Amino acid sequence: SIIETFEPGTKVSYTAANVTCNLGVWNFTDALIGTTAGSDRFNGTRSSRLINNGSITMQFDKTGGMGTVTVNHAAFGSDGSSTWQLEASTHGGASFDAFVSSVYTTSGTALVPTVITLNIPGDVRIRIRKLSGGGNRMNIDDIAFTGFTPSNTISTGTISGSPFCISNTADGSVT
């Protein structure tokens with residue numbers, strides 16, 4: 001897997017702007033890079049912090065598809081809970097309708113990993129949107145991505161039983 005750590009990023013206000021992080025550029029809207037020890041929750045020295053209906057959005061595609069995305073999240077300081085959702089785009093960010101996750105709740109002061117299975121082939125980018133909680137702030141750190149895994153796989157072995165036929169079609173599929 002590859003992991004977005006937000007460590008090289010710098011952004012000190014909630015105003016919308018692009019931020020260069022370790023995997024690439026992300027758009028932060030109602031979000032910043034949090035570095036406040038004891039209040040921001042992070043592994044390392046930085047994480048993203050969202051407020052209101054904030055979002056963080058990849059401005060680049062992960063090639064080779066996405067299998068799972070693990071999002072580590074926690075409440076900022078002593079703030080109350082918030083809800084959030086992960087969305088995926090296969091159209092370069094023109095729309096985020098290729099995948100929409102369940103709604104997750106963030107509460108508590110320890111980073112909690114949530115594993116979300118997308119299993120989308122091709123070029124994919126994600127957006128994480130804070131849905132509720134108003135002024136309650138939440139941190140997101142160490143977003144881990146795995147590659148796409150086809151659901152129909154063929155393994156080596158012995159086939160026995162009724163007669164069968166396997167043919168390789170021009171498009172590479174097996175029937």
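The values are calculated or read from the model by the stated rules, or taken from the named source; none is laboratory data. The shown structure was predicted, so the numbers you read here are calculated from the model rather than taken from an experiment. Every residue, glycine as well, gets a Cβ built from its backbone with ideal geometry; the counts of neighbours run over all protein chains shown. To get the accessible areas, we keep the full protein, side chains included, count just its heavy atoms, and leave off ligands, DNA and RNA. Shrake-Rupley method; radii C 1.70, N 1.55, O 1.52, S 1.80 Å.
Does T70 satisfy the criteria of being assigned to a strand (DSSP E or B), farther than 22 Å from N22 by Cα and in contact (Cβ under 8 Å) with a residue 12 or more places away in the chain? No, not satisfied.
Pairing residues of region 76-95 that are free of Cβ contacts under 8 Å to residues at least 24 places away in the same chain with residues that are among the polar types (S, T, N, Q), at Cβ distances under 7 Å and at least 6 apart in sequence or on separate chains, gives S95/S89.
Across region 5-16, the qualifying residues are those that are β-branched (V, I, T) and either touching an Asp or Glu at 6+ places or on another chain (Cβ under 9 Å) or modelled with pLDDT under 95 (or both), and the one among them that is least open to solvent (accessible area, probe 1.4 Å) is T5. The set of residues in region 17-53 that are small (G, A, S), open to solvent by 10 Å² or more (accessible area, probe 1.4 Å), under 30 Å from G147 (Cβ atoms) and over 15 Å from the mean Cα position of the chain (by Cα) comprises A17, G44. Being modelled with pLDDT under 95, aromatic (F, W, Y) and either in a loop (DSSP other than H, G, I, E, B) or over 19 Å from the mean Cα position of the chain (by Cα) (or both), is that true of even one residue in region 92-103? No, there is no match, as no residue in region 92-103 is modelled with pLDDT under 95, aromatic (F, W, Y) and either in a loop (DSSP other than H, G, I, E, B) or over 19 Å from the mean Cα position of the chain (by Cα) (or both).
Of the residues making up region 13-53, just one is touching a Lys or Arg at 6+ places or on another chain (Cβ under 7 Å), not in a strand (DSSP E or B) and not hydroxyl-bearing (S, T, Y), namely D40. Can you name the number of the only condition in (1) surrounded by fewer than 21 Cβ atoms within 10 Å (Cβ to Cβ); (2) among the hydroxyl-bearing types (S, T, Y); (3) over 16 Å from the mean Cα position of the chain (by Cα) that S82 fails? The failed condition is (1). Looking across I2, I56, one residue alone is within 24 Å of I120 (Cα to Cα), of a type outside the set (S, T, Y), open to solvent by less than 60 Å² (accessible area, probe 1.4 Å) and under 13 Å from the mean Cα position of the chain (by Cα). It is I56. Taking region 85-116, which residues are open to solvent by 30 Å² or more (accessible area, probe 1.4 Å), touching a Lys or Arg at 6+ places or on another chain (Cβ under 9 Å) and hydrophobic (A, V, I, L, M, F, W, C)? The answer is A110, L111.
Residue count for region 59-79 under the criterion of being within 14 Å of the chain's Cα centre (by Cα) and either hydrophobic (A, V, I, L, M, F, W, C) or under 28 Å from T35 (Cα atoms) (or both): the result is 11. Only one entry of T156, T117, T149 meets the criterion of being at pLDDT 60 or above, touching a Ser or Thr at 6+ places or on another chain (Cβ under 8 Å) and either of a type in the set (S, T, Y) or assigned to a loop (DSSP other than H, G, I, E, B) (or both), and that entry is T117.
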